[in-house]
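Asks: My structure is below; once you've seen it, I'll send some questions.
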Amino acid sequence: MIRPVSSLKRGWAVLWRDNPPGAALLFSAGLTALACAVPAFYVLERSLSAGRGRWQGLLDTRIPQLLGNTLTLAAAVTLIASVLGVGLAWLVRKSDLPGRRAWQWLLALPLVIPPYVGAVAYIIILGPRGWAREIFGERVFDIFSFWGVVFVLTMFTYPYVFLICGAALKSINRNFEDVARSQGLGTAEIFWKVNLPFMRPALGAAAILVSLYVLSDFGAVAMLRYSTFTTAIYYRIDGYDNVSAAILSVALLALTLIVLGIEVRARGRRRYHQTSEVFLPPRPVKLGRWKLPALALVLAVFACSLLAPAGVLVYWASLGIARGALAGEFWRFSANSVGVAALAALAAMLLALPVVYLRSRHPSVVSGLIEKLSVSGYALPGVVIALGLIFFFSRYLPMLYGTFALLPAAYVVRFLPQAIQTGGASLNLVSPRMDEVAKSLGCSPGKVMFKVIVPLVTPGLLTGGALVFVSSLKELPATLLLRPPGFDTLSVRIWVEAGEALYHLAAPAALLIIVLSIPPLKWLLARR
Amino acid sequence: MNAIQVENITKTFPGKRSPAVKEISLALEKGKILTILGPSGCGKTTILRLIAGFEKPDRGRIILAGKAVADDTVWVPPEKRGVGMVFQDYALFPHLNVYHNIGFGYRGKDRKERIAEVLELVKLSGFENREPHELSGGQRQRVALARALARRPVLVMLDEPFNSLDAELRGRMRLEIARIIKESGTTAVFVSHDQKDALAISDQVMVIRDGLSQQCGSPQEVYRFPENSFVANFVGQSNIMSGVIGEDGRSVETGLGVIPCEHLHDCRPGEKVEVSIRPDSLELDERGPLLGRITCLVYTGESYEARVDFVGEGGDRMSLLAHVHPERTVKLGDMVRMKLLPEFVAVLGCRPATCQVPRSAGTGRGAAD
């Protein structure tokens, strides 16, 4: 006899591999996943209800043009950042470059400068009334151009490649190089035939990261008056043309999905394994007469990506502080920034825990899907998230629409993946035997969570919270679109004041953001 | 009353074709120690996890202290079973010190006294404030055991407890853990792949292979009278030969001649059987009936492990492993005379092995119905 209830129960048990989670855990993680899916879903829904005419109009003219702009920009930045990042990583990890240990740090440091702040700095230096013009009497390089945008974005994204490929290079066992050398290969051949193939998975991952960043960047692109999908979407929303914005967003999401698809395919294809447990540290290659040119390159990159922008900001900040830029207003913006970013960080830590716990302790199709949805925000550009939240809140939660509550909501969707990653990494270090011992000692699943899991993963979650905090602090497009009138944050002030060339007011806020970004970067470096 | 009784449990993991555990039954009286012995991947840890409640059996019944905790209709979650666990990696909570680790699940009013009592039992009084990372391997293990014992569990189960200890410590901890368990009066189930662990500490040994029980009995029974060639080879070394039960019903006719044999496994005269001959039962003896040549010789310190080629009555050669006392001087290629001691010769079971639940264990309603 078939009993429907029991066969349903059996199916549920099989789905969870005989280990179904409790209702509270599944409910909280599932709700988080649904909330993270809200922006993309409503953007898609709105774009589909837009009607053929609107789609046709945009597909005929605007979308091809934006596609061209966005793709060429992403391709150029990714290519140059990859070459630069790999080259620098090789110099620092494999050669006898003077000061290699210090450069490992210094060349990663530009990560703390948000690209839109970098753009402001380069407008000050290379803009139409910039320092370069004052010194040379004529315009040296037009920063408001395609190559200007490429330059700025490259300077602040190459560290991703540098860090990821540097870590990969460091982990290559020296035996492989020694074997190649014993077969009569020279340094260049070893690079092409040994180092580069080993680095390829890492380089692929880093290149994807850079392309995703370029696709989603709004601040630097907008400040340099270039036009990509993100800026087009932003100005449509600003002009209350949300439907067109939704259509453009869907096009951008499709592009993002293609890039992610490439990553999945590339990652699936090859894997390299170290063949030996014995690990020898690399033996540095002698640069010889190339030592000076190499050093000059490293210095030039460091100067362009860190010294120059930081110098400009310090100069204008000191001018601004002398003129009273740190008045009450400034601290009000800072408090707003810190307040919403802290809310987002707290929420992200609380929401990440059920998701990572479910994924780690109750593996199944369902928990995998929940995790994937919860981390989908990392591929969503800020403008798209903002648009989706505008749709959702104005329709279903109108009492919250127009309050500052939308800001932490957008930050959580966008940056929750960072908390999930760090929280998950630290939960992976906690053996499932801990849970089982606690259960055998009489703890209910809820008690296991609070007496064992929470104390053990708190360090990882706090790190994730710190990353979310700093990312939220820097976030620009969603903040601009979602803030209630009169609710200014540090990033909003940088945008507004730099737009009006009030650099002495923008610089202190930019410096504060940079200083607050340093501790999490230290953590990232320590992990690599 | 049995502290633990398992009746015909079967468990197949989702996505796997063959069951990890097949129709396993066992019973253990209060205060006794059982070791589930088998090679890695044989399903022994799954049995442990089924009893603890970390896995659900597909069929069969588990009864703890007279109360069913898992069968077709009943399911008691691990936190309500009162089974203490000691894992291979000990799983001490790294955020708690020894005192709080041991007191973790204890809810009685006499918490302090009870913790002091079990610390005394495992001889770690004074270690209350140590953090787990400040302890040695053996101390960690004793803390894990103390933690499991603190709640006075119906049953304590230890999963490969000696695996991560070095050889010297392993021997000492074996006796120490057995002492603690006996002294506390607890019933214990060990899981091990090491026959020395199993023989040294157990009242009962259960040998498992591919999820199936091979033999169940006291250490002496399992070693002296193995049911089948797997048990004979897994628990110690053995030579397996074929033969026929003699007319007198007390001996076996083999290629080496008629061997007196103590344990015939109810096989009838004339039946074809396999015989297990332990290397210890071959002894050098100048007047012995067997003449053979040493073809391989390994010195282990405790003895020589010699492979001796005999020529049987029918003219066929047989190669047997023998243990030679290390004080005897033997060389490779030597012709030696040996005799057979009947104590360690056993006829292997000629019928499929079954693991009997003792009579007192109850009705034995299984999953077959």
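The values are calculated or read from the model by the stated rules, or taken from the named source; none is laboratory data. All of these numbers come straight from a predicted model, not from anything done at the bench. Every residue, glycine among them, receives a Cβ derived from its backbone with ideal geometry; neighbour counts consider all protein chains shown. Accessible surface is based on the protein model in full, side chains and every heavy atom, while ligands, DNA and RNA are left aside. Shrake-Rupley method; radii C 1.70, N 1.55, O 1.52, S 1.80 Å.
Asks: Just the residues that are buried (at least 22 other Cβ atoms within 10 Å of the Cβ) and of a type in the set (S, T, N, Q), please, taken from segment B:77-128.
Replies: The one that is buried (at least 22 other Cβ atoms within 10 Å of the Cβ) and of a type in the set (S, T, N, Q): B:N101.
Asks: So, one more: Within the group A:R62, A:R139, A:R93, which residue is among the charged types (D, E, K, R) and free of Cβ contacts under 8 Å to residues at least 40 places away in the same chain?
Replies: That would be A:R139, the only listed residue that is among the charged types (D, E, K, R) and free of Cβ contacts under 8 Å to residues at least 40 places away in the same chain.
Asks: I need a count of the residues in segment B:105-161 that are assigned to a helix (DSSP H, G or I) and small (G, A, S).
Replies: Of the residues in that region, 7 qualify.
Asks: Please determine whether any residue of segment A:413-436 is in contact with an Asp or Glu (Cβ under 6 Å, 6 or more places away or on another chain) and closer than 21 Å to A:T32 by Cβ.
Replies: No, segment A:413-436 contains no residue that is in contact with an Asp or Glu (Cβ under 6 Å, 6 or more places away or on another chain) and closer than 21 Å to A:T32 by Cβ.
Asks: Still on this model: Could you look through segment B:129-138, keep only residues that are within 29 Å of B:G171 (Cβ to Cβ) and either of a type in the set (S, T, Y) or open to solvent by 40 Å² or more (accessible area, probe 1.4 Å) (or both), and pick out the one that is farthest from the other protein chains (Cβ to nearest Cβ)?
Replies: Among them, the one singled out is B:S136.
Asks: For segment A:357-364, indicate whether the set of residues that are buried (at least 21 other Cβ atoms within 10 Å of the Cβ) and either of a type in the set (F, W, Y) or free of Cβ contacts under 8 Å to residues at least 24 places away in the same chain (or both) is non-empty.
Replies: yes
Asks: Residues that are under 30 Å from B:P78 (Cα atoms): list the helices (runs of 4 or more DSSP H) wholly contained in segment A:424-528 that include at least 2 such residues.
Replies: A:432-440, A:445-448, A:454-474
Asks: Same structure again: Determine which single condition B:R317 fails, assuming it passes every other condition in (1) within 22 Å of B:G236 (Cα to Cα); (2) free of Cβ contacts under 8 Å to residues at least 12 places away in the same chain.
Replies: Among (1) within 22 Å of B:G236 (Cα to Cα); (2) free of Cβ contacts under 8 Å to residues at least 12 places away in the same chain, the lone unmet condition for B:R317 is (1).
Asks: Answer with yes or no whether B:S25 is farther than 22 Å from B:V83 by Cβ and of a type outside the set (V, I, T).
Replies: no
Asks: Same structure again: Would you please name the residue that is nearest to A:P114 (Cα to Cα), looking only at residues in segment A:206-243 that are within 16 Å of the chain's Cα centre (by Cα) and open to solvent by 40 Å² or more (accessible area, probe 1.4 Å)?
Replies: A:Y213
Asks: Among the residues of segment B:175-194 satisfying the criterion of being surrounded by fewer than 16 Cβ atoms within 10 Å (Cβ to Cβ) and more than 18 Å from the chain's Cα centre (by Cα), which is nearest to B:L28 (Cα to Cα)?
Replies: B:G185
Asks: Does B:R130 count as out of contact with any Asp or Glu (no Cβ under 7 Å at 6 or more places or on another chain) and within 23 Å of B:T186 (Cα to Cα)? Write out each step before concluding.
Replies: On the way: out of contact with any Asp or Glu (no Cβ under 7 Å at 6 or more places or on another chain): yes; within 23 Å of B:T186 (Cα to Cα): no.
Against the criterion (out of contact with any Asp or Glu (no Cβ under 7 Å at 6 or more places or on another chain) and within 23 Å of B:T186 (Cα to Cα)), B:R130 does not qualify.
Asks: Evaluate the following for B:G15: is it part of a loop (DSSP other than H, G, I, E, B) and either outside the structural domain of B:R174 (by TED's automatic domain parsing) or out of contact with any Gly (no Cβ under 6 Å at 6 or more places or on another chain) (or both)?
Replies: Values: part of a loop (DSSP other than H, G, I, E, B): yes; either outside the structural domain of B:R174 (by TED's automatic domain parsing) or out of contact with any Gly (no Cβ under 6 Å at 6 or more places or on another chain) (or both): yes.
The answer is yes for B:G15.
Asks: Is there a residue being closer than 20 Å to A:R236 by Cβ and of a type in the set (S, T, N, Q) anywhere in segment A:12-20?
Replies: no
Asks: Which pairs have Cβ atoms under 6 Å, sit 6 or more apart or on different chains, and link a residue in segment B:148-162 that is more than 9 Å from chain A (Cβ to nearest Cβ) to one that is among the basic types (K, R) and open to solvent by 10 Å² or more (accessible area, probe 1.4 Å)?
Replies: From residues that are more than 9 Å from chain A (Cβ to nearest Cβ), the pairs are B:F162/B:R170.
Asks: Here's a follow-up. B:R307 fails exactly one of the following numbered conditions: (1) assigned to a strand (DSSP E or B); (2) modelled with pLDDT under 85. What is the number of that condition?
Replies: (2)
Asks: Still on this structure, please answer the following. What is the one condition in (1) in contact (Cβ under 8 Å) with a residue 60 or more places away in the chain; (2) within 13 Å of another protein chain (Cβ to nearest Cβ); (3) hydrophobic (A, V, I, L, M, F, W, C) that B:A65 does not satisfy?
Replies: Of (1) in contact (Cβ under 8 Å) with a residue 60 or more places away in the chain; (2) within 13 Å of another protein chain (Cβ to nearest Cβ); (3) hydrophobic (A, V, I, L, M, F, W, C), only one is false for B:A65: (2).
Asks: Then there is this: Using the structure shown, decide if B:D285 is of a type in the set (D, E), touching a helix residue (DSSP H, G or I) at 6+ places or on another chain (Cβ under 6 Å), open to solvent by less than 70 Å² (accessible area, probe 1.4 Å) and on the phi < 0 side of the Ramachandran plot. Please lay out each step first, then the result.
Replies: Numbers: of a type in the set (D, E): yes; touching a helix residue (DSSP H, G or I) at 6+ places or on another chain (Cβ under 6 Å): no; open to solvent by less than 70 Å² (accessible area, probe 1.4 Å): yes; on the phi < 0 side of the Ramachandran plot: yes.
Here the answer is no, as B:D285 does not meet what is asked.
Asks: Moving on. Out of (1) modelled with pLDDT of 90 or more; (2) touching a helix residue (DSSP H, G or I) at 6+ places or on another chain (Cβ under 6 Å); (3) within 14 Å of chain A (Cβ to nearest Cβ), what's the single condition that is false for B:Y106?
Replies: The single condition B:Y106 does not satisfy is (1).
Asks: Based on what the data block shows, is B:R287 in a loop (DSSP other than H, G, I, E, B), modelled with pLDDT of 85 or more and not assigned by TED's automatic domain parsing to the domain that holds B:P219?
Replies: Numbers: in a loop (DSSP other than H, G, I, E, B): yes; modelled with pLDDT of 85 or more: yes; not assigned by TED's automatic domain parsing to the domain that holds B:P219: yes.
Taking the combined requirement at face value, the residue satisfies it.
Asks: How many residues does segment B:10-44 hold that are touching a residue at least 24 places away in the same chain (Cβ under 8 Å) and more than 14 Å from chain A (Cβ to nearest Cβ)?
Replies: Qualifying residue count, segment B:10-44: 23.
Asks: Failed condition for B:L96, given (1) more than 28 Å from B:R179 (Cβ to Cβ); (2) out of contact with any Pro (no Cβ under 6 Å at 6 or more places or on another chain); (3) within 14 Å of chain A (Cβ to nearest Cβ), with all others met?
Replies: Looking at each condition in turn, B:L96 falls short on (1).
Asks: Kindly provide the set of residues from segment A:475-489 that are within 24 Å of A:V312 (Cα to Cα) and surrounded by fewer than 24 Cβ atoms within 10 Å (Cβ to Cβ), ordered by number.
Replies: A:D488
Asks: Another question, then. Do we have B:T329 as polar (S, T, N, Q) and either open to solvent by less than 20 Å² (accessible area, probe 1.4 Å) or not in a loop (DSSP other than H, G, I, E, B) (or both) here?
Replies: It is false that B:T329 is polar (S, T, N, Q) and either open to solvent by less than 20 Å² (accessible area, probe 1.4 Å) or not in a loop (DSSP other than H, G, I, E, B) (or both).
Asks: Which condition number in (1) within 28 Å of the chain's Cα centre (by Cα); (2) over 30 Å from A:T458 (Cα atoms); (3) within 12 Å of chain A (Cβ to nearest Cβ) is the one that B:D72 fails?
Replies: Of (1) within 28 Å of the chain's Cα centre (by Cα); (2) over 30 Å from A:T458 (Cα atoms); (3) within 12 Å of chain A (Cβ to nearest Cβ), only one is false for B:D72: (1).
Asks: Can you name the condition, by its number, that B:A68 falls short on among (1) assigned to a loop (DSSP other than H, G, I, E, B); (2) surrounded by fewer than 20 Cβ atoms within 10 Å (Cβ to Cβ)?
Replies: (1)
Asks: Among what's in segment A:427-460 and is open to solvent by less than 50 Å² (accessible area, probe 1.4 Å) and in contact with a Ser or Thr (Cβ under 8 Å, 6 or more places away or on another chain), pick the residue that is nearest to the other protein chains (Cβ to nearest Cβ).
Replies: Once the filter is applied, the top-ranked residue is A:L456.
Asks: Identify, please: which residue in segment B:45-59 is open to solvent by 10 Å² or more (accessible area, probe 1.4 Å) and touching a Leu at 6+ places or on another chain (Cβ under 9 Å) and is, among those, farthest from the other protein chains (Cβ to nearest Cβ)?
Replies: Filtering segment B:45-59 for residues that are open to solvent by 10 Å² or more (accessible area, probe 1.4 Å) and touching a Leu at 6+ places or on another chain (Cβ under 9 Å), the one farthest from the other protein chains (Cβ to nearest Cβ) comes out as B:P57.
Asks: Can you tell me which condition A:G184 does not meet? The list is (1) open to solvent by less than 50 Å² (accessible area, probe 1.4 Å); (2) not in a helix (DSSP H, G or I), and all the others hold.
Replies: Of (1) open to solvent by less than 50 Å² (accessible area, probe 1.4 Å); (2) not in a helix (DSSP H, G or I), only one is false for A:G184: (1).
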